[in-house]
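Student: My questions will all concern the structure given below.
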Amino acid sequence: QVQLVESGGGLVQAGGSLRLSCAASRSIFSINAMGWYRQAPGKQRELLAAITSGGNTNYAGSVKGRFTISTDNAKNTVYLQMNSLKPEDTAVYYCNINSDEYDYWGQGTQVTVSS
């Protein structure tokens with residue numbers, strides 16, 4: 001069983017930056033893609049960024065140019081660098097790893113952007 005542990009969330013002023021981390025408790029085999037989602041109160045969970053096992057990336061239009069997804073395979077960790085944060089970025093952020101075996105999710109971390 002793999003556990004994904006998220007860290008790096010918190011309170012930041014508009015225009016600031018945060019870096020979220022998501023560390024897997026052990027290596028996951030046959031990874032297809034990794035991604036970051038967020039969910040604000042009363043809204044659906046939305047996909048923000050994804051990276052395939054081959055290194056290709058995709059971003060939602062709302063965060064493109066501001067957020068960057070990356071991985072450190074040696075540390076079993078995926079990151080989300082968030083720059084130029086806006087109040088509308090306020091949400092609970094979740095990491096996800098999709099493999100041939102299972103779809104893994106982090107516990108969620110709160111990001112609050114003040115105006």
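The values are calculated or read from the model by the stated rules, or taken from the named source; none is laboratory data. A quick note: this is a predicted structure, and the numbers were derived from the prediction, not measured. FYI the Cβ positions are ideal-geometry reconstructions off the backbone, even for glycines, and counts take in every protein chain you see. Each accessible area value is taken on the protein alone, full model and side chains, heavy atoms only, with ligands, DNA and RNA left out. Shrake-Rupley method; radii C 1.70, N 1.55, O 1.52, S 1.80 Å.
Student: Hey, could you check the stretch 94-111 for residues that are open to solvent by 50 Å² or more (accessible area, probe 1.4 Å) and part of a strand (DSSP E or B) and say which is farthest from ILE31 (Cα to Cα)? Walk me through it before giving the result.
Tutor: Going through the stretch 94-111, the residues open to solvent by 50 Å² or more (accessible area, probe 1.4 Å) turn out to be 98, 100-103, 105, 107, 110.
The next check asks that each one be part of a strand (DSSP E or B); those that pass are 98, 103, 105, 110.
On the way: ASN98: 6, ASP103: 10, TRP105: 13, GLN110: 26 Å.
Across the stretch 94-111, the extreme among qualifying residues is GLN110.
Student: Give the residues of the stretch 58-83 that are on the phi < 0 side of the Ramachandran plot, in a loop (DSSP other than H, G, I, E, B) and not β-branched (Val, Ile, Thr), sorted by residue number.
Tutor: Selection gives ALA60, GLY61, SER62, LYS64, ARG66, ASN83.
Student: Here's something else I'd like to know. When the residues of the stretch 46-93 are narrowed to those that are without any contact (Cβ under 8 Å) to a residue 40 or more places away in the chain and among the aromatic types (Phe, Trp, Tyr), which ends up least open to solvent (accessible area, probe 1.4 Å)?
Tutor: Filtering first and then ranking leaves PHE67.
Student: Return a yes/no flag: does the stretch 96-111 have any residue that is within 11 Å of the chain's Cα centre (by Cα), at pLDDT 95 or above and at positive phi.
Tutor: yes
Student: Go through (1) in a strand (DSSP E or B); (2) without any contact (Cβ under 8 Å) to a residue 12 or more places away in the chain; (3) not polar (S, T, N, Q) and name the single condition ALA23 misses.
Tutor: (2)
Student: In addition: Being more than 23 Å from SER115 (Cα to Cα), outside any strand (DSSP E or B), touching a residue at least 60 places away in the same chain (Cβ under 8 Å) and open to solvent by less than 30 Å² (accessible area, probe 1.4 Å), is that true of even one residue in the stretch 34-42?
Tutor: Within the stretch 34-42, none of the residues are more than 23 Å from SER115 (Cα to Cα), outside any strand (DSSP E or B), touching a residue at least 60 places away in the same chain (Cβ under 8 Å) and open to solvent by less than 30 Å² (accessible area, probe 1.4 Å).
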